[in-house]
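One structure below.
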Amino acid sequence: MTGHPLVSCVVPVFNGAPFLVDAVASIEAQTWRPIEIIIVDDGSTDGTPDVIGAMGTRVRALRQENAGPAAARNAGLRMARGEFVAFLDSDDEWLPHKLGMQIARFEARPELQVCLSQAQHWWVSGLEHEAAALDDAFNGSGQTGGISVTLMRRTVFDRVGLLDEALRHLDWTEWLLRAGDAGAVIEILPDVLARRRIHDNNMSRHRAGEEPDERLRVARSRLARLRRPSS
C-alpha cells in the first residue's frame, strides 16, 4: 500500500432523518483522510431527502425506489471510487479513530481483505428499561458483528460478489460467510470502534418475524455451496 488510499464510506438510509446528521458527522470526524461519503436514500418518506440536500457537496447522494438495505449498499458500492469501502448504518456512529486503526491493520497485513471491530450499544432516551434488563455482557460493552464495524478492500467484492438483495436482515451475515468460504482473509479487532444506537425504529424490531426464515435460507444456501465439488 502506497500513500493514503481513498476510503469510500457508504451510508444507506431509509426514513433516517433523526440520526443521519450524527452518522455523517462521525464520518467527517475521522482522523483518516482521504474519504468520500456516499449516501443512498432507499425511498425515504420522511424528511431524509431534505437532510441530505442540506449537506450539499459534502456528500455524494443517490435516491432510489425502496428496495431494502442490501440494494442500497450495493448501489453505494457501485458509486465508490476508493480502494477501501466501509459501510455505516444511518443510525450508527463511528469513533474518530475507526478508519485509521483499521487501515493500519491493512498496512501491517498486505494479505488482509476484511477488517472488523467491536461495537458498543447504547439506548436512546425512553428505552432505559431495556438497557437495564440486559446483562452487562451486552449492555454498553463491545460486541462483534454488524456491518457498521467493517472496512474492506474494494477488490474483495470482485471475488465474492455483492450483497444478496433478497435478504432484509442477514445480507451482511450471508456475505461474510460467503467471503470466508471463498478464502478471504478476515481479521476481527478487539477494539470498540463504532456505536450502535438502539431505538424504537430499528429494523430488527419491526421485521423481526422475517429473520428466522432468512436464517434458514442462509444456512441452506451455505450448505449447498459447501457441498458443491471444487473445480
(message) The conditions are (1) surrounded by 14 or more Cβ atoms within 10 Å (Cβ to Cβ); (2) farther than 26 Å from I186 by Cα; (3) modelled with pLDDT of 95 or more, and T57 fails exactly one of them. Which is it?
(response) (1)
(request) Can you tell me which residue among P5, P18, P110, P12 is in contact with a Ser or Thr (Cβ under 8 Å, 6 or more places away or on another chain) and at negative phi? (result) P12
(request) Show the residue pairs that are 6+ apart or on different chains and have beta-carbon atoms under 7 Å apart, the first residue being within the stretch 16-27 and in contact (Cβ under 8 Å) with a residue 24 or more places away in the chain and closer than 20 Å to H97 by Cα, the second being part of a helix (DSSP H, G or I) and of a type in the set (S, T, N, Q). (result) L20/T48
(request) Could you run through the stretch 87-114 and say how many residues are part of a loop (DSSP other than H, G, I, E, B) and either without any contact (Cβ under 8 Å) to a residue 12 or more places away in the chain or in contact with a helix residue (DSSP H, G or I) (Cβ under 6 Å, 6 or more places away or on another chain) (or both)? (result) 6
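Of everything in the stretch 37-62 that's assigned to a strand (DSSP E or B) and out of contact with any Gly (no Cβ under 6 Å at 6 or more places or on another chain), which residue is nearest to L99 (Cα to Cα)?
First pass over the stretch 37-62, keeping only residues assigned to a strand (DSSP E or B): 37-42, 60-62.
Okay, now just the ones that are also out of contact with any Gly (no Cβ under 6 Å at 6 or more places or on another chain), so 37, 39, 41-42, 60-62.
Numbers: I37: 13, I39: 18, D41: 23, D42: 25, R60: 19, A61: 21, L62: 23 Å.
Out of the qualifying residues, it is I37.
Taking into account only those residues within the stretch 163-177 that are among the hydrophobic types (A, V, I, L, M, F, W, C), under 13 Å from the mean Cα position of the chain (by Cα) and not in a helix (DSSP H, G or I), which is surrounded by the fewest Cβ atoms within 10 Å (Cβ to Cβ)?
Filtering the stretch 163-177 for residues among the hydrophobic types (A, V, I, L, M, F, W, C) gives 163, 166-167, 170, 172, 175-177.
Subset that is under 13 Å from the mean Cα position of the chain (by Cα): 163, 170, 172, 175-176.
Now drop any that are not not in a helix (DSSP H, G or I), which leaves 163, 170.
Numbers: L163: 23, L170: 19.
In this case the residue turns out to be L170.
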(request) Among the residues of the stretch 25-36, write down those that are touching a helix residue (DSSP H, G or I) at 6+ places or on another chain (Cβ under 9 Å), of a type in the set (A, V, I, L, M, F, W, C) and either modelled with pLDDT under 95 or not in a strand (DSSP E or B) (or both). (result) I27, W32
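Out of the residues in the stretch 63-86 meeting the condition of being in a strand (DSSP E or B) and under 17 Å from the mean Cα position of the chain (by Cα), tell me which one is nearest to V149 (Cα to Cα).
Applying the first criterion (in a strand (DSSP E or B)) to the stretch 63-86 yields 63-64, 84-86.
Subset that is under 17 Å from the mean Cα position of the chain (by Cα): 84-86.
On the way: F84: 14, V85: 11, A86: 8 Å.
Looking at residues that are in a strand (DSSP E or B) and under 17 Å from the mean Cα position of the chain (by Cα), I get A86.
For Q143, are the conditions met, namely being out of contact with any Pro (no Cβ under 7 Å at 6 or more places or on another chain), surrounded by 13 or more Cβ atoms within 10 Å (Cβ to Cβ), under 21 Å from W32 (Cβ atoms) and modelled with pLDDT under 95? Break it down into steps so the answer makes sense when it comes.
Values: out of contact with any Pro (no Cβ under 7 Å at 6 or more places or on another chain): yes; surrounded by 13 or more Cβ atoms within 10 Å (Cβ to Cβ): yes; under 21 Å from W32 (Cβ atoms): no; modelled with pLDDT under 95: yes.
In short, no.
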(message) Go through the stretch 79-122 and report how many residues are within 17 Å of V11 (Cβ to Cβ) and acidic (D, E).
(response) 4
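The values are calculated or read from the model by the stated rules, or taken from the named source; none is laboratory data. Being a predicted model, the structure only gives us computed values, none of them experimental. Counting neighbours? That spans all protein chains shown, and the Cβs are built from the backbone with ideal geometry, glycine included.
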